[in-house]
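Trainee: What follows is a structure written as structure tokens; I'll ask about it next.
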Amino acid sequence: MSDVVLAGVSVAYDGAPVVWDLDLSVASGEWLALIGPNGAGKTTILRAIARLVPFRGAISIGSRAVTELSSREVARQVAVLVQEPQMPVGMTVSQYVLLGRAPHLGYLGKESARDRGIVREVVRRLSMEELASRPLDRLSGGERQRAAIARALAQQAPVLLIDEPTSSLDVGRQQSVLELIDQLRREQELTVIAAMHELTLAGQYADRLALLVDGRLAAVGPAAEVLTERAITEHYRAQVRVIQMNGSGTAVVPVRS
Amino acid sequence: MTATVTVSVVSERPAALAGMPRLPWPWAAAGLGALVICCAVGVLVGPVHIGVGAVVQALIGGQVDPGQANILWSLRFPRVVLGVLVGGTLAVSGAAYQGVFRNPLADPYLLGAAAGANLGATLAIAFAPGTSILGVNIIPLAAFVGAGAAVAGAYALGRSVTGLRSATGLILAGVAIAAFFNSIQSYVQQTQTASIRQVYSWILGRLVTAGWDDVLLILPYVILSAAAIFVHRRLLDALTLGEDEVTSLGIPVRRVRLIVVVAATLGTAAVVAVAGTIAFVGIIVPHAIRLLIGRSYRVVIPLSMLFGAAFLVLADAGARTVVAPAELPIGVITAFLGAPFFIAVMRSTRAAAL
């Protein structure tokens, strides 16, 4: 089981509180989208789950507290896809994906044939064989995002944390990246927690949305419940129309009066 | 609890995936070849002509003229071996510093090792010339201690200011410590005029050696340093990712950084203690390898050892012959040969790769 449970989690940066007393639970295999205005604490929650930032309260994955795990054990449970992954100049796609095996190696360990086999399978799964020996700096934006997903997948962690998976992609590539993540989630029973700013897409792909405002949970539930005109107007200070699209999700459309 | 990911690993052996990091053997062989050739040049070049046959005979324990044997065993062989150790160490330490600090301009002296060594040597030359401790000349000891003290000072200062969160804090601390040590060194050098020439020649760097003593003196540190950096080459590759990304892979970033910096500093302090501050090797050798061969530290570290060693032995042979019978400081040759080569490499490859 790889459910993620946060109980009374608070995070502060240099004494300034960013997340307050947050309770949240994500079921194994679920996709939860963290939504909310800029600075609401979405990224901070992801960083706390991956233990990249100290927190108060309790976070557990599959009923084990993350604070009791070594950092390598955490990395075997949780793969993180940051918003703007560093793409080292001159590094090939294969080499980059191979870095995802780090949590399975000892401190000075060397990748085995099995590790290389897993990388090969992941690269094949994402149809990147043609790009395997290409340097990262010569990939397009969409290809880079796929490479980053491949590296996270090579980690073989049951929980995938994603920070803004579609920023700086056009609408077609946004859809194909999200479809890919969703397919992988089903195939490999991944638990996905993603910070998302595209509200319509968040509603279409996630099972539930958690709306964060000033580090607190304002609402959590399916898209139809969370994405209301009132809530979005109040918390985002945006003028929107929310349209139910008969089985195709909830559209949040900005309007200009 | 185990990962539930079901990536299946096929049992038969399919073709290996392209682009995996590995040391290109032709280049490794070329590096080894270059090292052997440069060592041969280093042994054969000198005021007294000694033929290839005599060198081979000396090496395999055959019949050699005693005068020639003496020149080879007490002058040329130790000097070439010292060149190998110094060049390899400076190149590898430079590569390691560049990796740890993610800064292409980082060289082994970045955290003040050169300034500390210069100050230590200057103090020893000015105030305690000819002294030795436990049979070891005080100058290399003072330089070694100075280099270690400067880097430790920079580390402590950087840590107290930024808590090692950023490499920039450490680099700035190194700049401050180096400036401070340099000012004291300049003051001592200017006020102790009797020793100014010796101090100046020490600072410019040279491989004039007392024989095997210097080699044996630095050998343990150099081996330890190179081995420690070598086993971290996979982790140095991982450090090229962002801070959060490396940490989320379960890699203890700070520990890696600390061990590699200590190892590179130990090697640098040792070679600086016997050879002075030889500039440029730690920058151009790793960068030339990155531009021409590959950027993975699995390539850069081992090839820096080979090509750095070859380059310095060759530069030393040049330093001994250009104005023979006098000698040029080796730093003059490393920069004079190295800079145009490096510019040519930069122009012929994509500058964006820097």
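The values are calculated or read from the model by the stated rules, or taken from the named source; none is laboratory data. Keep in mind that what you see is a predicted model, and the values were worked out from it rather than measured. We place every Cβ from the backbone using ideal geometry, glycine too, and count neighbours over all the protein chains shown.
Trainee: Only one of B:Met305, B:Met346 is farther than 30 Å from B:Leu75 by Cβ and more than 14 Å from chain A (Cβ to nearest Cβ). Can you tell me which?
Mentor: When all the criteria are applied, what remains is B:Met346.
Trainee: I'm trying to understand the selection: among the residues of segment A:1-31, which are within 14 Å of chain B (Cβ to nearest Cβ) and either of a type in the set (Ser, Thr, Tyr) or free of Cβ contacts under 8 Å to residues at least 40 places away in the same chain (or both)?
Mentor: The answer is A:Ser2, A:Tyr13, A:Asp14, A:Ser28.
Trainee: Can you tell me which of B:Ala154, B:Ala121 is crowded, with 16+ Cβ neighbours inside 10 Å, over 30 Å from B:Val48 (Cα atoms) and touching a Leu at 6+ places or on another chain (Cβ under 6 Å)?
Mentor: Selected residue: B:Ala154, the only one of B:Ala154, B:Ala121 that is crowded, with 16+ Cβ neighbours inside 10 Å, over 30 Å from B:Val48 (Cα atoms) and touching a Leu at 6+ places or on another chain (Cβ under 6 Å).
Trainee: Determine which single condition A:Pro135 fails, assuming it passes every other condition in (1) at the interface with chain B (Cβ under 8 Å from one of its Cβ atoms); (2) in contact with a strand residue (DSSP E or B) (Cβ under 8 Å, 6 or more places away or on another chain).
Mentor: The single condition A:Pro135 does not satisfy is (1).
Trainee: B:Ala228 fails exactly one of the following numbered conditions: (1) over 24 Å from A:Val89 (Cβ atoms); (2) within 13 Å of chain A (Cβ to nearest Cβ); (3) without any contact (Cβ under 8 Å) to a residue 12 or more places away in the chain; (4) among the hydrophobic types (A, V, I, L, M, F, W, C). What is the number of that condition?
Mentor: Going through (1) over 24 Å from A:Val89 (Cβ atoms); (2) within 13 Å of chain A (Cβ to nearest Cβ); (3) without any contact (Cβ under 8 Å) to a residue 12 or more places away in the chain; (4) among the hydrophobic types (A, V, I, L, M, F, W, C) one by one, B:Ala228 breaks only (3).
Trainee: Let me ask something else about it. Hey, does segment B:8-20 have a residue that's at pLDDT 85 or above and surrounded by 12 or more Cβ atoms within 10 Å (Cβ to Cβ)?
Mentor: So far as segment B:8-20 goes, yes, one or more of its residues are at pLDDT 85 or above and surrounded by 12 or more Cβ atoms within 10 Å (Cβ to Cβ).
Trainee: Output the residues belonging to segment B:187-224 that are polar (S, T, N, Q) and touching a Gly at 6+ places or on another chain (Cβ under 7 Å).
Mentor: Once the filter is applied, which keeps residues that are polar (S, T, N, Q) and touching a Gly at 6+ places or on another chain (Cβ under 7 Å), segment B:187-224 yields nothing.
Trainee: State yes or no: is B:Arg234 assigned to a helix (DSSP H, G or I), under 23 Å from the mean Cα position of the chain (by Cα) and not hydrophobic (A, V, I, L, M, F, W, C)?
Mentor: Criteria met by B:Arg234.
Trainee: Filtering segment A:101-117 down to residues that are within 7 Å of chain B (Cβ to nearest Cβ) and within 20 Å of the chain's Cα centre (by Cα), which residue is surrounded by the fewest Cβ atoms within 10 Å (Cβ to Cβ)?
Mentor: A:Pro103
Trainee: If you scan segment B:254-290, which residues turn out to be farther than 19 Å from B:Ala154 by Cα and not small (Gly, Ala, Ser)?
Mentor: B:Val271, B:Val274, B:Ile278, B:Phe280, B:Val281, B:Ile283, B:Ile284, B:Val285, B:Pro286, B:His287, B:Ile289, B:Arg290, listed by residue number.
Trainee: Against the definition (surrounded by fewer than 21 Cβ atoms within 10 Å (Cβ to Cβ), without any contact (Cβ under 8 Å) to a residue 40 or more places away in the chain and outside any loop (DSSP other than H, G, I, E, B)), how does A:Arg120 come out, yes or no?
Mentor: So A:Arg120 does not fit the description; no.
Trainee: Something else now. Please work out which residue is modelled with the lowest pLDDT, limiting yourself to segment B:47-102 and to residues that are surrounded by 18 or more Cβ atoms within 10 Å (Cβ to Cβ) and not in a helix (DSSP H, G or I).
Mentor: The extreme case among them is B:Val64.
Trainee: For segment A:79-93, state whether one or more residues are facing chain B (nearest Cβ under 7 Å), in contact with a helix residue (DSSP H, G or I) (Cβ under 9 Å, 6 or more places away or on another chain), polar (S, T, N, Q) and touching a residue at least 12 places away in the same chain (Cβ under 8 Å).
Mentor: yes
Trainee: Turning to a different aspect of this structure: Looking at this structure, is B:Arg206 over 28 Å from B:Thr334 (Cα atoms) and either among the charged types (D, E, K, R) or assigned to a helix (DSSP H, G or I) (or both)?
Mentor: no
Trainee: Given the options A:Leu69, A:Leu32, name the one that is under 17 Å from the mean Cα position of the chain (by Cα) and closer than 25 Å to A:Ala12 by Cβ.
Mentor: When all the criteria are applied, what remains is A:Leu32.
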